[in-house]
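The values are calculated or read from the model by the stated rules, or taken from the named source; none is laboratory data. Since the model is a prediction, treat every value here as computed from it, not as a measurement. Cβ coordinates were reconstructed from backbone atoms using ideal geometry, including for glycine residues, and neighbour counts include every protein chain displayed. The accessibility values were calculated without ligands, DNA or RNA, using every heavy atom of the protein model including side chains. Shrake-Rupley method; radii C 1.70, N 1.55, O 1.52, S 1.80 Å.
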Amino acid sequence: MLKSGKLVENSYGVISKTDSIVTLMKDAEASQYGYLLTNKIEFLKLYNNSEKKVMVLLRETEYLIADHQMGVMTFSKIKAVIKGRLSVIKLAITNRQIVDTLSKDQVIAGMIAMQTLNSLVVQALSGEKLLLQERLLAYETFSKSILTIIIISAAVAFAISVASYTKVTSTITDLEALRKILFIKEQETTGLNEKLSAANEAITSANIELLNNNTELANSRNRLIALTNNLANQVNSRTEELALSESRFRLILQVLPQIAWTNTPEGDVDFYNQKWFSYTGMGFDETKNQGWQKVIHPDDLDFNIQCFKTIIESEEQGEFEIRERRYDGDYRCHLVKMAPLKNEEGDVQMWVGTATDIEDIKQLQRQKDDFINITSHELKTPLTSLKSTIQLIEAMQGNLTEKHLSTLIVRAGKGVNKLAYLIDELLYIGKVNEGQLNLNMERVNLMDIIRDSCSGISMATEFQINIIGDENFGVLVDPDRIEQVVINLVNNAVKYAPLSEVIDINFQAHGSYALVQVTDYGPGIPEDKLPFLFDRYYRVQMGGSQHSGLGIGLYISSEIIKKHGGVIGVNSELGRGSTFWFTFPIS
């Protein structure tokens, strides 16, 4: 379980440090451009600081992924790109100190290097997140049984203690019996001495008897000494065993990945493991006895106290869910479990409790529920339209003109197409999740793909779609998948920028990659929403309302582009419009 927990911690560390590396590389790029443009030494200091931090994070991340062969291979590529780029930046800074110019090629080279780095980082994070899911599953399997193991260990320790106490009591009883025998023998010896004084004639036999009694007395004393020594050794041994048993029990609680603690039979906290202090950022004196209540969310405190009181009074195992405040002020949902440790008579000797962070599980459950609700609503809308159209046709049988019939058929066709589109999206998301998104690569003309993608949209809307690019731009791609991406991006432009009227599609060669850009001139997208646009089930709210859709179109598009070995992204400015772009290798 410890090894599994360490692997989970490693995966979280790789993800966090990889994000930090990308951020620092962006800072290095920005500082380089600032220095090249202004020749101010402040930017050069920022660049040097970012470079040092990047090299440190590279070494730390390299250590964390040593147990993941695929991660090592991907990270080697990331490391090579970063070192190559840092060398180019140093050369550019040196040249800037000699020549007072900044070339366009340097800027483009920086963009390509960062795109390549972003692509490799996305690939590395994707693999690491899959590995994290596997490690979390293994870790959860071990964690489920740990409370039972703790209780059994404590019960064994308690049984040893009871057995030791019974043995010591028995030994003391035997010692008391031997002392009584010794007392009797001493009395007999005194009587014999008196008889010797009274009768000299019996002195010989009395001395013999006295000698025998003295011998027996010496043997009894020797046995008493041996028994006393043996008893002392047993008491010391049992004391050491009890101390070792308690130490092991505390050690088990310390290495648990969950928060763990112990309570007195009355419910006062007398021990926390290190996870509690790391999570809360508070010391033992602040949270001992009833001090833990400071960490509980105010809305959950009464419920927590009632559940805690009910479990203590029942003297049985129990559990409940609450929100606990982390050291940074963030409240996260935890599953609290408590179990009593009882003696042979059934009396509670202590309580053992754990709190497991289930915030991520709760969020996943909410996302799943939201997706089910959205899917039901989106599927119901075209079905309702189609049903009403069919009912209208049935009601007007015999009275329908050809024009009316044609209109109703077109309306029904739109409902069927909408329904088919939603079902296709659901099928695509299933293939992506199962890793079955296969590509049928063909040598095709990129202009033909984009024109075919926009033909249906141009006929159905009043938008002017301008396509700008080489008429004979040959690429090796899966034409159906690339057409799906273009359709999705253009449909989003129509949906979220209805007043734009014009949509520009530009494509061109960018080194060994093809770059495609879809630009609208609508209201733009808020900056805080940009990082989530390509997440599964994410839907943008504009003007206080949410547009229809399952929230998986951009996610599927990003997976298709990743499958082609490319990168997808967006640039947007409020009031100016948005540009969605993607790249893929030309060959």
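For a straight C-alpha distance cut-off of 27 angstrom, the lysines reachable from residue 337 (same-chain residues fewer than eight places away being disregarded) are 3, 6, 144, 275, 288, 294, 309, 362, 368. Distance between the 7 Å Cα→Cβ label points at residue 219 and residue 156: 4.3 nm. Just to confirm the number: angle between the C-alpha axis of helix 359-395 and the first principal axis of the chain, 0 to 90 degrees, nearest 10? The angle comes out near 40 degrees. Simple spin-label estimate for residue 40 and residue 452 gives 5.2 nm between the two label positions (7 Å along the Cα-to-Cβ direction from each Cα). Annotation: extensible slack from residue 294 through residue 91 equals 67.5 nm (criterion: 0.36 nm per residue apart, minus Cα-Cα distance). Simple spin-label estimate for residue 172 and residue 26 gives 7.2 nm between the two label positions (7 Å along the Cα-to-Cβ direction from each Cα).
Other residues with beta-carbon under 15 Å from the beta-carbon of residue 122 carry, at +1 per Lys or Arg and -1 per Asp or Glu, a net charge of +2. For the stretch 11-157, with all protein chains present and a 1.4 Å probe, just round the carbon and sulfur fraction of the accessible area to a whole percent. Its accessible area is 63 percent carbon and sulfur atoms.
Subtracting the Cα-Cα distance of residue 111 and residue 186 from 0.36 nm times their residue separation leaves 16.5 nm of extension gain. Please give the net charge around residue 315, taking every other residue with its beta carbon less than 11 angstrom from that of residue 315, where Lys and Arg add +1 and Asp and Glu add -1. Its environment carries a net charge of -2. I'd like the orientation of helix 298-314 relative to the chain: the angle between its Cα long axis and the longest Cα principal axis, in ° from 0 to 90, rounded to 10. Approximately 40 degrees, to the nearest 10. Solvent-accessible surface (1.4 Å probe) assigned to residue 148 amounts to roughly 80 Å².
In Å³ and rounded to a whole number, note down the convex hull volume per residue for the Cα atoms of the stretch 1-61. Normalising the Cα hull of the stretch 1-61 by residue number yields 52 Å³. Among (i) 14, 32, 26, 14, 7, 5, 2, 0; (ii) 18, 38, 21, 17, 4, 0; (iii) 17, 40, 30, 12, 2, only one was calculated for this model; which label is it, if the read-out is P(r) over Cα pairs in 20 Å bins from 0, in percent? The value matching this structure is (i). Potential lengthening of the chain between residue 230 and residue 350 amounts to 40.0 nm, from the contour at 0.36 nm per residue minus the alpha-carbon distance. Partner lysines whose Cα lies under 17 Å from the Cα of residue 195, excluding those fewer than 8 positions away in the same chain, are identified as 185.
For the stretch 289-372, the share of accessible area belonging to carbon and sulfur comes to 46 percent (1.4 Å probe, ligands and nucleic acids excluded). Kirkwood radius, the stretch 1-118, all distinct C-alpha pairs, inverse of mean reciprocal distance: 15.3 Å. Per residue, the accessible area of the chain comes to 57 Å², computed with a 1.4 Å probe over protein heavy atoms only. When 286, 313 are compared by accessible area of protein heavy atoms, the largest-first order is 313, 286, using a 1.4 Å probe. In the chain, the longest principal axis of the Cα atoms and the axis of helix 41-64 are about 60 degrees apart.
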